[in-house]
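Read through the structure below, which is laid out as structure tokens, and then see the notes.
Just so you know, all these numbers are worked out from the coordinates, no wet-lab data involved. As the structure is a prediction and not an experimental result, all values here were calculated from the model. All Cβ positions, glycine included, derive from the backbone under ideal geometry; neighbour counts span all protein chains shown.
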Amino acid sequence: MKKIVGILITFLAFANVNAQILDPVKWTTKIEKKSDNTYLLTFDGVIEKEWHMYSQFTPDGGPLALEVVFKNQKGNFNLVGKAKESKTKTAYNDVFEVNETFFQRKAQIQQVIHVTNPKVVAIEAELNYQVCKEVCINLEKKFTFAIPASVAVIAAPKEAAVVVAPIETDTIKTDSLAPSLGASNRVVASPDKEVVVEPKSDAQRGLWSIFFIAFLSGFAALLTPCVFPMIPMTVSFFTKQSKTKAKGIRNAIIYGISIIVIYVILGFLVTWIFGADALNALSTNVWFNIIFFVLLVVFAASFLGAFEIMLPNSWANKVDSQADRGGIIGILFMALALAIVSFSCTGPIVGTLLVEAASKGGIAPIIGMFGFSLALALPFMLFAMFPGWLHSLPKSGGWLNTVKVVLGFLELALAFKFLSNADLVLQLHLLEREVFLAIWIAIFGTLAFYLFGKITLPHDSPLTHISVGRLMLGLVTLTFTIYLIPGLWGAPLKIISAFPPTLEYSESPNGLGGSASNVANVILPDGAKSGPHGIIVFDDYEKGLAYAKTVNKPIMLDFTGYACVNCRKMENNVWSDAMILPILNNEVVLISLYVDDKRDLPKSEQFISKTTGSEIETVGDKWTDFMISKYKTNTQPLYVLTDLEGNSLNKENPTISYVSIEEYGSWLKLGISNFKK
């Protein structure tokens, strides 16, 4: 009986080990003959729920893009165009500050080739890609396509170069490893216990954010001199000209719906003319970022009173003449007349909104225009239903121009975000973090002075005093300005972390005078460098181990990646915490091993993995194989606390991944305590 129990325990432990070697994408492939010597290669991937795989068109500077490599192309065949992809999604990544493009649930890659060597019998292909959930995995799959004579042949995938053979996770009943083998039971969710409600994708959240921003922008447009006075005039027209109250309400509702239709059509035209995918491509293009910057500066200057952006008066006259026709057509032209007449105020807001929506790609311009027009139309409909509310409206006055000026300052600040994008892509270092923050400090500082009445602009009325509301807004703006100032000395400024360049992209990565780093003026050990938040970090295991032995401190292995989103989130949000940072600085030796390091190993150091049988050719391959063979997982981020002999210090939870500050801190303290015993 004891032997049977022992065998079962061993079997379960082995099953659990396999469960941690993740392979969230299952591939099938085929080759089809299209014409003489021309073939279509198709890769079909099924992606596990909640995971996403990055497209080959996701921009540089972000997560790892899909790469299609043909090993035996030279002298044998030519590629006809670039590999085509099935439908992808786009969402803004606030960690890398790019609009990443990715697949969910399914992915298809197709490549047309033209064979030039009649003797070639097979096409050797390789896919390199990254898939992420709470953790990220870099995968490499090899395929052989046998060239058919006339019918399609299913291509068999070869063994992966870095990853172990695929695991049939559908049959696994648990998501953890035996504690002694070292794996975090937070890495994988059990596939047979899927949650019924699927979480919203990043793209969905991006569209919701566009809608709410647009909705608030619509309310801001209402409070401008071109629109606000139109509310009582338009509502009075419908209530007085209509024979009954019900008809007046109906006409006002039609008027509001007409406003929505006009702006949604505008959003549709922008999407249709440029194309949903092209919008995202434009948003990541250097020149279009520069054009967006210039546009927003022009819009800001208009709001600040330098000039007014107006459509030709003839347009307004023609549309206004059609509004007298009456009926639904006449009401529609009344709504169009409002859009044209108020363009000097709404145009810059709509333009800015379309620019921002374009940066999200897809149908974002349509969603943005719907949110904007809904906020613009609602007051006209509501005040027609309840005309008594008109008496509660504040009177028009100089405060309307103040709203325009505030919007002008906000547009000017936003403009520099687009200029920063262009500078980051080109790596010109002209608009580094300190310069960007200095510009924002100047903009919001000037806005604060304006709100306090110390500065006046061309269209301002004489100001004898400031209102309480204006005073409060001025105090908020001044507070924000003061908050920005420590950023010049290396403060992280988490509230606006998605806007300025990162701490690394600055004149002084350690802050002005090195004040942001605890190691700025310290001589680094051999093989070490200053890492995130000034932590001393090694990127070579042997050198880090040697240093740990000299200072007699435990080792924290950080399996990470240059393109790992959640690795950066852990570094930015968890490592920077006041409880965690002193521990990483003083009580452990940090060794960061990058699994996507593409540097070739010297020929003498390349080898065949005993664990996977794969060829280990790059530095990243080496650390991936180390992670798989030692800790039985291939996910990042992954953290391990070890003693000087490489033994895990946290016996019950040897590794940890993407977790909260409290959990990470408790795990660190327990491992360090065990090292000191």
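Taking amide H atoms as placed 1.01 Å from N in the peptide plane, list the residues 5 or more away in sequence, or in a different chain, whose amide H sits under 5 Å from that of LEU22.
Result for LEU22 returns ASN634.
How do VAL406, VAL640, VAL121, VAL595 rank when sorted from fewest to most other Cβ atoms within 10 Å of their own Cβ?
VAL121, VAL406, VAL640, VAL595
Could you work out how much longer the chain between HIS459 and LYS82 gets when fully extended? Use 0.36 nm per residue separation minus the Cα distance between them, nm to one decimal.
130.3 nm is the gain from fully extending HIS459 to LYS82.
HN-Hα J couplings of segment 535-542 from phi, Karplus 6.51/-1.76/1.60, θ = phi - 60°, integer Hz, Gly and Pro as x?
In residue order, the calculated couplings are 6, 6, 9, 9, 10, 10, 4, 5 Hz.
Each residue of segment 524-531 in order: what ³J(HN,Hα) in whole Hz does its phi give by Karplus 6.51 cos²θ - 1.76 cosθ + 1.60, θ = phi - 60°, with x for Gly and Pro?
Each residue's phi maps through the Karplus curve to give 6, x, 4, x, 9, 8, 7, x Hz.
Expressed as a rounded percentage, what relative contact order does segment 22-166 have, with Cα pairs under 8 Å and six or more residues apart?
30
What FRET efficiency comes out for the pair ALA578/LEU601, r = Cβ-Cβ distance, R0 = 41 Å, nearest 0.05?
The calculated FRET efficiency here is 0.55.
Assign unit charges at the C-beta atoms only (+1 for Lys and Arg, -1 for Asp and Glu), then state the dipole size of segment 514-676 relative to its Cα centre in Debye, rounded to the nearest 20.
200
Give me the extension gain from ASP36 to LYS245: residue separation times 0.36 nm, minus the current Cα-Cα distance, reported in nm with one decimal. All intermediate terms of the calculation are to be shown ahead of the outcome.
Working: separation 209, 0.36 × 209 = 75.24 nm, distance 7.44 nm.
That pair, ASP36 and LYS245, stretches by 67.8 nm at full extension.
Could you work out how far apart the two model spin labels at SER209 and TRP389 are, taking each label as a point 7 Å from the Cα in the direction of the beta carbon, and quote it in nm?
With each label placed 7 Å out from Cα toward Cβ, I get 3.1 nm.
Among ARG599, ARG568, ARG105, ARG433, which comes first, then next, by fewest other beta-carbon atoms within 10 Å?
ARG599, ARG105, ARG568, ARG433
What is the order of THR90, THR464, fewest Cβ neighbours within 10 Å to most?
Listed from fewest to most nearby Cβ atoms, that is THR464, THR90.
With a Förster radius of 60 Å, plug the Cβ-Cβ distance of ALA122 and PHE307 into 1/(1 + (r/R0)^6) and report the FRET value to the nearest 0.05. Let's see the in-between values first.
On the way: r = 66 Å, r/R0 = 1.10.
Efficiency at R0 = 60 Å is approximately 0.35.
Multiplying the sequence separation of VAL286 and ILE485 by 0.36 nm and subtracting their Cα-Cα distance, what value in nm do you get?
Contour length minus the Cα-Cα distance gives 68.8 nm.
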